[in-house]
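Take a look at the structure below.
The values are calculated or read from the model by the stated rules, or taken from the named source; none is laboratory data. Note that this is a predicted model, so its numbers are computed, not measured. Methodologically, a virtual Cβ is constructed for each residue, glycine included, from the backbone with ideal geometry; neighbour enumeration extends over all protein chains shown. The protein model used for the area step is the full one, side chains on, heavy atoms only, and it has no ligands, DNA or RNA in it. Shrake-Rupley method; radii C 1.70, N 1.55, O 1.52, S 1.80 Å.
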Amino acid sequence: MFKPLHSPSFLVFATGVCCTTPLVCLFVRPLLGGTEFEPKFDFEAYARAPITSHGMGCLGGMVWALGTVSSLISGKTIGMALSYSIGQSAPMVATLWGLFLYKEFDGAPKAAWTFIGIMFMCYVIAIGLIAGSK
């Protein structure tokens with residue numbers, strides 16, 4: 001039985017993420033300049049953010065880590081190809097959230113809906129092919 005807590009690979013990966021993220025925020029992002037879509041990193045604003053905002057970021061990281069560990073565990077049980085294909089379904093779930101919960105495409109032209117349908121078909125076919133490659 002695979003025991004992720006007894007495996008050093010996830011610990012090394014998680015440590016690397018925790019160590020490099022502050023470096024990216026402090027040194028790389030300011031070098032990128034700012035655009036209307038990606039403003040320059042403002043460390044003072046980051047420091048002034050309420051603790052709940054930082055807590056939500058940490059919670060998101062914990063959920064992501066739980067998903068990674070679950071994917072590794074399921075890979076040992078059902079095979080890595082099938083586990084990988086299930087994990088790669090996340091963009092379809094995100095698109096469904098955007099379509100039905102946030103109504104991001106309300107009022108969009110018919111061509112947009114056609115392309116969304118084509119995207120879903122292609123994604124389902126790709127995931128099926130990956131899962132079938134086992």
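Taken over region 65-76, the residue count meeting the criterion of being surrounded by 12 or more Cβ atoms within 10 Å (Cβ to Cβ) and either charged (D, E, K, R) or more than 17 Å from S133 (Cβ to Cβ) (or both) is 8. Of F10, F27, F43, all but one fail to be under 21 Å from the mean Cα position of the chain (by Cα) and modelled with pLDDT under 80; the exception is F10. Is it the case that region 78-96 has a residue that's touching a residue at least 24 places away in the same chain (Cβ under 8 Å) and closer than 25 Å to C18 by Cβ? Yes, some residue in region 78-96 is touching a residue at least 24 places away in the same chain (Cβ under 8 Å) and closer than 25 Å to C18 by Cβ.
Within region 109-134, count every residue that is of a type in the set (A, V, I, L, M, F, W, C) and more than 22 Å from the chain's Cα centre (by Cα). So the count comes out to 5. Of the residues making up region 121-134, those that are assigned to a helix (DSSP H, G or I) and open to solvent by 40 Å² or more (accessible area, probe 1.4 Å) are M121, C122, Y123, V124, I125, A126, G128, L129, I130, G132. Scanning region 77-119 for residues that are assigned to a helix (DSSP H, G or I) and open to solvent by less than 40 Å² (accessible area, probe 1.4 Å) turns up A81, S83, S85, M92, T95, G98, L99, A112, I116, G117.
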